[in-house]
1. Only one of these conditions is not met by R175: (1) touching a residue at least 24 places away in the same chain (Cβ under 8 Å); (2) under 27 Å from Q33 (Cα atoms); (3) not hydroxyl-bearing (S, T, Y). Which number is it?
2. Would you point out the residue of region 353-370, among those that are charged (D, E, K, R) and surrounded by fewer than 10 Cβ atoms within 10 Å (Cβ to Cβ), that is modelled with the lowest pLDDT?
3. Just to be sure, is D148 in a loop (DSSP other than H, G, I, E, B), out of contact with any helix residue (DSSP H, G or I) (no Cβ under 6 Å at 6 or more places or on another chain), surrounded by fewer than 19 Cβ atoms within 10 Å (Cβ to Cβ) and assigned by TED's automatic domain parsing to the domain that holds R66?
4. Looking at L173, L197, can you tell me which residue is part of a strand (DSSP E or B) and either among the hydrophobic types (A, V, I, L, M, F, W, C) or not assigned by TED's automatic domain parsing to the domain that holds C258 (or both)?
5. Residue check: is R309 out of contact with any strand residue (DSSP E or B) (no Cβ under 7 Å at 6 or more places or on another chain), under 30 Å from Y119 (Cα atoms) and buried (at least 19 other Cβ atoms within 10 Å of the Cβ)?
6. Would you be able to tell me the number of residues in region 254-304 that are crowded, with 21+ Cβ neighbours inside 10 Å, not in a helix (DSSP H, G or I) and not aliphatic (A, V, I, L, M)?
7. Looking only at region 105-148, which residues are at negative phi and without any contact (Cβ under 8 Å) to a residue 24 or more places away in the chain?
8. Starting from region 244-255, take each residue that is under 9 Å from L232 (Cβ atoms) and basic (K, R) and list its partners that are at pLDDT below 95 and not in a helix (DSSP H, G or I), counting only C-beta distances under 6 angstrom and pairs at least six apart or across chains.
Amino acid sequence: MQGWARELGFSQIGVAGVDLSSAEPGLMQWLAQGFHGDMQYMQAHGLKRARPAELVPGTVSVITARMDYLPQATLGRALEEEDRTGAGPERGGWQAVEFARLERPGEGIVSVYARGRDYHKVLRARLQKLADRIAAAVGPFGHRVFTDSAPVLEAELARRSGQGWRGKHTLVLNREAGSMFFLGEIYVDLPLAPSGLVTAHCGSCQACIDVCPTQAIVAPQRVDARRCISYLTIEHAGAIPEALRPLVGNRVYGCDDCQLACPWNKFAQASTVPDFDERPALSGRPLAEWFAWDEDTFLRRTEGGPIRRIGHERWLRNVAVALGNALRATGDPALRAALAARAGDPSALVREHVAWALAQEPLRAAGSIE
């Protein structure tokens, strides 16, 4: 089965049992604290996430799969930088290259995973092909494929199936691949032997906690989504809280900081799946360019990708915040002009964020005289 999985682009597969009862108290406490924010579906599904046999009756095992997504170009830029500086080969160099984007406030940042095709579509289709191969070998069997598409405790199932351990940022970490991979599952009615567990290797490191711009990681393995930039720019539909807007920086869709700071991600593997190659329009582009996109352009540039699901209005909301932060950092009149062009936008949500952005005062240079 591992061979079939690799032929389909998966890095590893494993098997977990369906008794997740020990994970239920933590899930209920997280929900009770309101850390899920506006993600009401998390509350609605409740404990069904921890009970695979209730979600899909007849399920007795879960096959889990992971697929690396780091774009070839992302790793390639790091190697080019190493050649230019003569620093020598350093597999973790891609993290420094990505961190450097934060130092260019006029450049927009889209999370690494979202620069290519929507992973839901890619993984779901390939998981189904894997299920078809299994069926051809053992005969018809009951199954259902998931990729972040239903109430499934993906990270917990991945941990229990030997894909890795839960990092302090809650993501699954693998010694050979860091955390730069997608997860998917096949719920099956076949009694399969569970994979062995992997020992945790975070130790005393808390780089992910320390680096979080909004301190959303409130404790090891505990994230308050309401403060998380990924949640705010993707899942949250309303206004971004004003106190958090300056902390968003130039991140427009998602945030990778906790992964960039993780030492294990120096081992992240470049994807072998062309679908995850980054689109030029979504990497290294000026914020003003993105803010000028009309809805048709937005839909065209994001076709088949995960960004499209937030819609044009939220895209503009996010870019407006980033432009306001860039204006404060640089005082560039071109940024002010870009914002002013949408001061009368039809959307009240966009207008509110544009007004906030235009009100940002440029930082005074160090040592300047009043």
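The values are calculated or read from the model by the stated rules, or taken from the named source; none is laboratory data. As the structure is a prediction and not an experimental result, all values here were calculated from the model. In this analysis, Cβ positions are derived from the backbone assuming ideal geometry, glycine residues included, and neighbour counts consider all displayed protein chains.
1. Of everything listed in (1) touching a residue at least 24 places away in the same chain (Cβ under 8 Å); (2) under 27 Å from Q33 (Cα atoms); (3) not hydroxyl-bearing (S, T, Y), R175 misses just condition (2).
2. Selected residue: E370.
3. Numbers: in a loop (DSSP other than H, G, I, E, B): yes; out of contact with any helix residue (DSSP H, G or I) (no Cβ under 6 Å at 6 or more places or on another chain): yes; surrounded by fewer than 19 Cβ atoms within 10 Å (Cβ to Cβ): yes; assigned by TED's automatic domain parsing to the domain that holds R66: yes.
Considered against the rule, which asks whether it is in a loop (DSSP other than H, G, I, E, B), out of contact with any helix residue (DSSP H, G or I) (no Cβ under 6 Å at 6 or more places or on another chain), surrounded by fewer than 19 Cβ atoms within 10 Å (Cβ to Cβ) and assigned by TED's automatic domain parsing to the domain that holds R66, D148 comes out as yes.
4. Working: L197 fails: part of a strand (DSSP E or B).
Just one listed residue meets the conditions, L173.
5. Values: out of contact with any strand residue (DSSP E or B) (no Cβ under 7 Å at 6 or more places or on another chain): yes; under 30 Å from Y119 (Cα atoms): yes; buried (at least 19 other Cβ atoms within 10 Å of the Cβ): no.
No, not satisfied.
6. 6
7. Taking region 105-148 and keeping what is at negative phi, we get 105-138, 140-147.
Listed by number, the residues that qualify are A125, Q128, D132, A135, A136, A137, P140.
8. none
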